[in-house]
Every structure is written in structure tokens, then in C-alpha cells.
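The values are calculated or read from the model by the stated rules, or taken from the named source; none is laboratory data. Given the structure is predicted, the values throughout are model-derived calculations rather than measurements. Here Cβ is always computed from backbone atoms with ideal geometry, including for glycine, and neighbour counts include all displayed protein chains.
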Amino acid sequence: MGQFEFKGTLVSGGEISGKRRAGSEESLRLLLAREGIIAVEIRPWSKSNSLGSIASFRDKRALVSFTRQLAVMLRNGMRLDAIFRVIQAQQNSRAWQQHLQKISASLNDGNSLSTSLASQPAVFDRFYISLVRAGESSGDLAEVFSRLAKALESSDRLKRKIKAALAYPAVITAVATIVLFVLLFYIVPVFKEMFQNFQTELPPLTKAVVGLSDILTANPLLLIIGLFVIGGILLVLSKTGCLVKALSQVPLHIPGLRNLVIKSETANFSRTMATLLWGGVALSEAIPLASSVVRNIQLRGQFASASAAIAAGSTLNSVWSNEPLIPPMVTEMVAVGEETGQLARMFDAIADFYSEEVEALLPTVTAVLEPLLIVVVGVFVAAILISMYMPLFELIGQLG
């Protein structure tokens with residue numbers, strides 16, 4: 001049991017804040033909801049804590065919090081206009097206040113919630129809008145928003161774990177780049193001045209390193225311009241899709257990263273599919289929507305390939321079993337879901353399984369990447385240092 005600090009709004013009106021003990025943030029949120037309190041912010045309590053606003057969180061966290069608040073308030077029977085007044089009153093983020101004002105204005109004009117949310121495409125994507133629209137049709141918006149919040153939280157949690165696991169390799173790469181530039185800009189020129197006094201031919205490796213250093217130190221502005229030009233070219237290529245398609249193939253040819261990419265993308269796709277199907281979205285519409293959350297183009301195309309086939313009367317299992325990147329376990333569980341009519345439940349199970357697989361795989365991937373990067377960095381640094389000391393060794397040999 002931990003102690004948490006919370007700030008919330010009473011269903012009957014008014015604001016409330018305080019400290020409570022609970023097993024987790026989610027359990028405290030549910031406990032407060034039973035007491036008629038809509039939690040706006042919850043965080044572990046410490047003496048130095050002071051509650052901030054939702055604006056201090058990333059946009060993704062703000063969207064999750066907004067979705068969770070909508071679910072709780074709708075479940076407690078609050079009207080939409082009252083809900084948006086309460087949420088807007090709690091916002092210190094000017095951007096979010098503007099979004100909420102526009103949504104409230106659209107609702108007051110008689111538009112549906114899905115139409116009002118769709119007027120803010122920078123915040124609410126097609127996946128979000130489709131689920132809300134399905135919830136309006138079924139009349140169970142509270143359940144839809146609850147599942148939406150869960151899906152967004154799960155996706156965000158998985159992404160944060162992957163980023164955290166890859167942070168150290170990224171730091172190693174950044175430090176290595178800095179070290180190499182320091183060697184080429186400052187250390188190599190010192191040795192070059194020393195070599196000018198030698199009456200001997202420099203080894204090829206030394207000539208190459210000194211030549212590279214000369215290019216970098218003599219034309220730093222040209223280097224910067226070159227980097228900007230390369231960046232511009234890459235940006236243009238990324239918009240055409242050529243670069244993205246090429247880059248998406250790279251991790252699929254690296255054993256450790258291949259498994260990580262396939263399993264993490266499969267988990268995100270399956271979680272999205274489960275949320276859409278639970279929300280009442282038709283299978284033919286759910287597949288392209290869920291495929292849009294997959295970042296790897298190769299996998300996205302293989303998941304989306306079932307969309308047209310489903311409309312023609314085929315099954316997911318029959319289509320995906322021929323796709324090489326989709327794990328066999330996915331097709332097997334989908335086949336069971338199609339036979340039993342429990343596709344949403346099966347996609348939930350697939351998402352849970354592959355999320356756990358990714359978490360188990362991350363330590364292995366980082367354990368392989370870290371020493372590999374260190375070796376690569378060591379080779380480059382050693383090559384530069386050896387190239388600088390080779391002439392010295394030759395001179396000592398001649399003197400001896």
C-alpha cells in the first residue's frame with residue numbers, strides 16, 4: 001500500500017484534494033469514483049510534492065487522462081455539457097482549453113460528440129473517432145471511453161518501456177559520436193603538426209585519418225551545410241515513403257530487433273483491434289484503423305491485407321497465414337476466435353501475450369546491443385589512435 005496525493009471534482013459540485021492510501025493509482029481512482037469523486041490528478045505523495053497541472057504531462061498522458069475522466073463522469077450519469085465544463089475548469093494548458101472550448105461550442109450547436117471531437121484532428125485520430133461513433137450507436141459511451149483509456153495507457157506504457165530500454169544504447173551512440181569528433185577536430189591536428197617534422201612516409205591509415213581531419217577542420221561550415229542538405233534530402237524521401245519503406249526493412253533483418261519490432265507492433269495492433277471490436281466497430285472497418293497504428297510499413301501492409309479479403313468473404317486466418325511476418329500464434333488464436341465468435345477476446349489475449357513477450361525480450365536486446373555498440377565504438381577509436389601512433393612506432397624503430 002502506498003500513499004497518494006489527489007485532486008478531483010465532486011459529482012455534486014465543487015473541488016476536493018487530499019491524501020489517501022491505496023494499492024495503486026488505478027485502485028485509488030476507482031475508490032474515489034465510488035465516493036462520487038472524479039480524480040483529475042493522482043501521484044505518489046512525498047513531502048516535497050506539489051500537485052501540478054495536466055499540462056505538465058505529455059500530450060499522450062493528457063489524452064489518456066481526458067479519456068479516463070470522460071469514462072468516469074459518463075458512468076456517473078453526468079451530461080456532456082457539464083462534463084466539458086468540469087474538465088475545462090481543471091485545465092491550465094491553454095492548448096487543451098482551446099480544444100475543449102471548440103468541442104463544447106460544437107456540442108452546443110447540436111453536433112454529436114464524435115463530430116465535435118473530429119473537429120480537432122490534431123488531438124483525436126480516426127481510431128478514437130470511430131470508437132466514439134460506435135459508442136454513440138450502441139448507447140454505451142462510458143464503456144467505450146473506459147476501453148479507450150485502457151488501450152491508450154497500455155500502448156503508451158509499452159512505448160515508454162521500449163524507449164527506456166533503448167535509452168542507454170542511444171546514449172552510447174551519442175557519446176561515441178562526440179568522442180570521434182573530438183579526436184578528429186582536436187587530437188589528430190596535434191599529431192599532424194608532429195608528423196610534419198618527420199622525414200618519413202606516413203602509413204596509409206594515418207594519411208586517411210589525417211585527410212578526414214583536414215576536411216572537417218578546414219571546412220566546418222561546409223560540413224554543417226552538408227548535414228542540412230542530407231537532412232533535407234532524407235526529409236523529402238520520407239514524405240515520398242521510399243525512405244520509410246527502406247528503413248522499415250532494416251530492423252527486420254537484424255535478429256534481435258526483428259523479434260522486438262514484430263512482437264511490439266503485433267501487441268499494439270491487437271490491442272487496437274480488441275478495443276475497436278469491443279466498441280462495436282465492424283471488422284472490415286477495424287482492420288484498416290488498427291493497421292494505421294503499426295509504424296513498420298512491412299507489417300502494416302501485411303495486417304491491412306486482410307481488409308479487402310474480409311469484404312470478399314475470406315477469413316482473417318486464411319489471409320494472415322500466408323503473411324511471413326505475422327506470427328503463427330496470431331493466426332491460430334484468430335482462427336479460434338473466428339470459430340467461437342470471440343475475436344475481440346482473442347485479440348485482447350494476443351495483445352497481453354505479446355506485451356509480456358516484449359517486456360521479457362527487452363533485457364536480452366539491450367544486453368546484446370550494449371556490448372556490440374561498445375565494440376564498434378572501440379574499433380573506431382582504436383583505429384584513430386593506432387593510426388596516430390603508427391608513425392611514432394616506425395620512427396622509434398628507425399632510431400633503434
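Just wondering, is there one or more residues in the stretch 358-377 that are buried (at least 16 other Cβ atoms within 10 Å of the Cβ) and in a loop (DSSP other than H, G, I, E, B)?
no
So, in the stretch 80-108, how many residues would count as being at pLDDT 85 or above and part of a loop (DSSP other than H, G, I, E, B)?
0
Out of ALA170, ALA218, ALA208, I need the residue that is assigned by TED's automatic domain parsing to the domain that holds ALA383 and modelled with pLDDT of 85 or more. Which one?
Residue meeting the stated conditions: ALA208.
Here's the yes/no breakdown for (1) assigned to a loop (DSSP other than H, G, I, E, B); (2) touching a residue at least 60 places away in the same chain (Cβ under 8 Å); (3) touching a helix residue (DSSP H, G or I) at 6+ places or on another chain (Cβ under 8 Å):
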position	(1), (2), (3)
PHE66	no, no, yes
LEU74	no, yes, yes
GLY110	yes, no, no
ALA142	no, yes, yes
SER155	no, yes, yes
PRO169	no, yes, yes
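State whether one or more residues within the stretch 50-64 are surrounded by fewer than 20 Cβ atoms within 10 Å (Cβ to Cβ), modelled with pLDDT of 85 or more and hydrophobic (A, V, I, L, M, F, W, C).
no
Yes or no: TRP320 more than 21 Å from the chain's Cα centre (by Cα) and under 30 Å from PRO363 (Cα atoms)?
Judged against the criteria, TRP320 is a match.
Tell me the residue from VAL319, VAL358, VAL368 that is more than 30 Å from VAL190 (Cα to Cα), among the β-branched types (Val, Ile, Thr) and touching a Gly at 6+ places or on another chain (Cβ under 7 Å), please.
Going through VAL319, VAL358, VAL368 in turn, just one is more than 30 Å from VAL190 (Cα to Cα), among the β-branched types (Val, Ile, Thr) and touching a Gly at 6+ places or on another chain (Cβ under 7 Å): VAL368.
Identify all residues within the stretch 344-362 that are touching an Asp or Glu at 6+ places or on another chain (Cβ under 9 Å) and at pLDDT below 90; write none if there are none.
Once the filter is applied, which keeps residues that are touching an Asp or Glu at 6+ places or on another chain (Cβ under 9 Å) and at pLDDT below 90, the stretch 344-362 yields nothing.
So which residues in the stretch 281-309 are under 17 Å from ALA344 (Cβ atoms) and not in a helix (DSSP H, G or I), if there are any at all?
VAL281, ALA282, VAL293
Looking at PRO327, is it without any contact (Cβ under 8 Å) to a residue 40 or more places away in the chain and either over 29 Å from PHE181 (Cβ atoms) or surrounded by fewer than 18 Cβ atoms within 10 Å (Cβ to Cβ) (or both)?
no
When you look at SER318, is it in a helix (DSSP H, G or I), among the polar types (S, T, N, Q) and touching a residue at least 12 places away in the same chain (Cβ under 8 Å), yes or no?
no
What pairs can you find where one residue is in the stretch 336-352 and more than 23 Å from LEU158 (Cα to Cα), the other is hydrophobic (A, V, I, L, M, F, W, C), and their Cβ atoms are less than 6 Å apart, with a gap of 6+ or different chains?
As it stands, the answer is GLY337/LEU343; GLY337/MET346, since those pairs meet every condition given.
Out of all the residues in the stretch 371-400, which are of a type in the set (A, V, I, L, M) and farther than 30 Å from VAL190 by Cα?
LEU372
Conditions (1) under 19 Å from ASP125 (Cα atoms); (2) in contact (Cβ under 8 Å) with a residue 40 or more places away in the chain; (3) among the charged types (D, E, K, R), marked per residue:
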| position | (1), (2), (3) |
| --- | --- |
| GLN249 | no, yes, no |
| GLY256 | no, yes, no |
| ILE262 | no, yes, no |
| GLU265 | yes, no, yes |
| ASN268 | yes, yes, no |
| THR272 | yes, yes, no |
| LEU277 | yes, yes, no |
| ALA309 | no, no, no |
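Which one of MET390, MET333 is more than 30 Å from SER270 (Cα to Cα) and assigned to a helix (DSSP H, G or I)?
After ruling out the rest, the residue left standing is MET390.
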